[in-house]
Amino acid sequence: MSGHLLLVGADDRRHAAAHRLGPRLTLLTRVSALGTLEDLTRYERIVAVPDTAPVTEWVAAARTVAAHDPVDALGAFAEEVQEHAAVVAAELGLPWHTAEVVRRTAHGPLMRARLSEAGVDGTAASEVRDTADITAFAAVYGYPLVLKPVDATGPAAATVLRSAGDLPDTLEPGRPMMVEEYLDGTEYGVEAFSEDGVHRIVCLTQPLLDPVCGVRTGHCLPAPADDRLRAQVEAFLPRVLDTLGVTDGPTHTRIVATDAGPRVVRTHLRPGDDRIVELATLALGLDLDDLWVRQVCGQRVLDELRSRPGRAAAVRFVTPRAPGLLERCYGAEEAAALEGVEAVHWLREPGSLTPGALTPEAPGACVIATGDTGRQAVARSLAGAARLRFVVVCAG
């Protein structure tokens with residue numbers, strides 16, 4: 001691609017893919033995000049705004065850039081800046097999600113209201129300010145309930161409230177929360193890609209959950225799902241995306257397969273995280289990040305999503321179980337030598353603090369493996385994870 005691509009927000013891996021395509025790159029981002037980028041030389045110019053800058057300042061900066069070097073396309077791959085990017089794109093007349101679509105997918109109560117009004121998913125939900133609001137919701141819908149942040153960005157922090165005894169004393173200050181009906185069934189992730197309002201499902205993924213606390217400890221792709229569920233998802237997900245107004249780009253939607261059919265947990269305007277993009281490349285031969293960047297740059301990519309899984313891939317996250325200072329890690333070479341293990345990634349540097357609890361924010365490493373079946377890929381990732389060791393210096 002020739003021309004000028006405005007990148008809103010920092011995303012090192014996807015920006016590297018954009019650089020390989022050949023356009024001139026301008027980066028518009030928060031000052032604090034510059035440290036996450038490995039190579040600043042790939043950008044023709046960098047405009048950094050204060051972390052507290054209002055969206056009007058982002059728009060003003062983008063206008064100044066466009067006045068000197070007209071912008072041909074815009075990409076915003078970091079989820080936390082997509083609403084700002086939508087406003088910038090509208091001001092410059094560039095294709096991107098509208099601010100309404102970004103807001104509707106990121107804000108849980110708005111998403112729930114939209115899907116319910118359209119008759120797509122009637123799961124009840126409400127924003128709550130305190131435990132009295134939760135109690136009032138429970139009086140109508142009963143327990144169990146799910147308490148979680150209103151916004152879909154950041155680490156997952158959903159809590160299942162099975163009775164009034166599980167109510168928290170107070171809610172986290174400064175972070176809006178919501179409650180919704182508990183969806184009883186099996187959870188899956190759905191990777192999809194859209195182009196000009198046509199939606200194609202790439203695959204289903206199966207989250208691997210800790211049996212005690214329910215924290216996700218990995219993923220398997222493709223998920224072991226029968227033909228009936230696949231047909232239900234093929235019919236359901238396009239209705240969800242149409243109702244939310246999604247027309248282009250990748251989406252990652254968490255669903256629960258209930259007795260009444262699939263129900264939505266959350267939709268994101270990006271591919272799945274937790275190494276799902278790597279799993280899709282290994283199992284399907286599809287690089288979802290590369291497809292996304294190329295589509296942003298004006299290429300049509302939907303017809304490339306016809307690959308079928310030739311094998312399965314799984315990732316297993318490993319968490320140090322002792323709180324303290326991470327002194328050293330070892331065992332990666334031994335893990336990598338096992339059959340089917342494709343990669344071992346350390347996710348925490350020596351010298352960092354580890355909480356010692358199994359939470360979504362605290363993995364120390366992950367092992368990625370492939371196999372002929374999902375069961376085999378998961379077993380191989382577990383075998384690799386068992387070879388990893390952490391030395392933690394505990395306080396006191």
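Each value in this text was obtained by applying a stated rule to the coordinates, not by laboratory testing. Keep in mind that what you see is a predicted model, and the values were worked out from it rather than measured. Here the Cβ positions follow ideal geometry from the backbone for every residue, glycine too, while neighbour counts run over all protein chains shown.
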Report task. Enumerate the helices in the chain for which the Kyte-Doolittle hydropathy averages 1.6 or more and the C-alpha atoms extend at least 27 Å along the helix's axis, using complete DSSP H runs. Result -> none
Query raised in the report: Which of these, Leu204, Leu229, Leu115, has the largest mean-square fluctuation under a Gaussian network model of the chain (Cα springs below 10 Å)?
Result: Leu229
Report summary line: Listing Arg114, Arg162, Arg63 by rising number of other beta-carbon atoms within 10 angstrom, fewest first, gives Arg162, Arg63, Arg114
Report summary line: Largest fluctuation, Arg230, Arg104, Arg263 only, Gaussian network model of the chain with Cα springs under 10 angstrom, belongs to Arg230
**Report entry** Segment Leu347-Thr281, length gained on full extension (0.36 nm per residue, minus Cα span)
**Finding:** 21.7 nm
Report summary line: The size of the Cβ-based charge dipole (Lys, Arg +1; Asp, Glu -1) of the stretch 185-310 about the Cα centre, to the nearest 20 debye, is 200 debye
Report summary line: Whole-Å distance linking the alpha carbon centroid of the stretch 182-198 with that of the stretch 1-33 is 28 Å
Report summary line: When the charge dipole of the chain is computed with +1 on Lys and Arg Cβ and -1 on Asp and Glu Cβ about the Cα centre, the Cα farthest towards its positive end, among Ala369, Pro207, Val59, belongs to Ala369
Query raised in the report: Based on the Cβ-Cβ distance from Tyr330 to Val140, what FRET efficiency comes out when R0 is 41 Å, to the nearest 0.05?
Result: 0.15
Requested in this report: Determine the calculated [θ] at 222 nm for the chain from helices alone, applying -39500 (n - 2.57) to every DSSP H run no shorter than 4 residues and normalising by the residue count; nearest 500 deg cm²/dmol.
Outcome: -9000 deg cm²/dmol
Report summary line: A student applying the Cα gyration tensor rule (rounded when a/c is under 1.5; otherwise prolate if a/b is larger than b/c, oblate if not) would label the stretch 124-181 prolate
Requested in this report: Pull up all non-local amide H partners of Leu208: gap of 5 or more, or a different chain, and H-to-H distance under 5 Å with H placed in the peptide plane.
Outcome: Thr217, Gly218, His219, Cys220
Requested in this report: Calculate the length of the line joining the C-alpha centroid of the stretch 317-332 to that of the stretch 99-148, in whole Å.
Outcome: 38 Å
**Report entry** Extension gain from Glu57 to Leu302, taking 0.36 nm per residue of separation minus the Cα-Cα distance
**Finding:** 84.7 nm
Requested in this report: Return the single residue from Asp248, Asp287, Asp169 with maximal mean-square fluctuation; model: Gaussian network over the chain, springs between Cα atoms under 10 Å.
Outcome: Asp169
Report summary line: Note: Arg230 to Asp196 extended length (0.36 nm per residue) minus current alpha-carbon separation gives 9.9 nm
Query raised in the report: Ranked from highest to lowest mean number of other Cβ atoms within 10 Å per residue, what is the order of the peptides 269-276, 334-341, 220-227?
Result: 269-276, 220-227, 334-341
Query raised in the report: Which ³J(HN,Hα) values in Hz, rounded to whole numbers, follow from the phi angles of the stretch 214-226 under the Karplus curve 6.51 cos²θ - 1.76 cosθ + 1.60, where θ = phi - 60° and Gly and Pro get x?
Result: x, 6, 5, 10, x, 8, 10, 9, x, 5, x, 10, 7
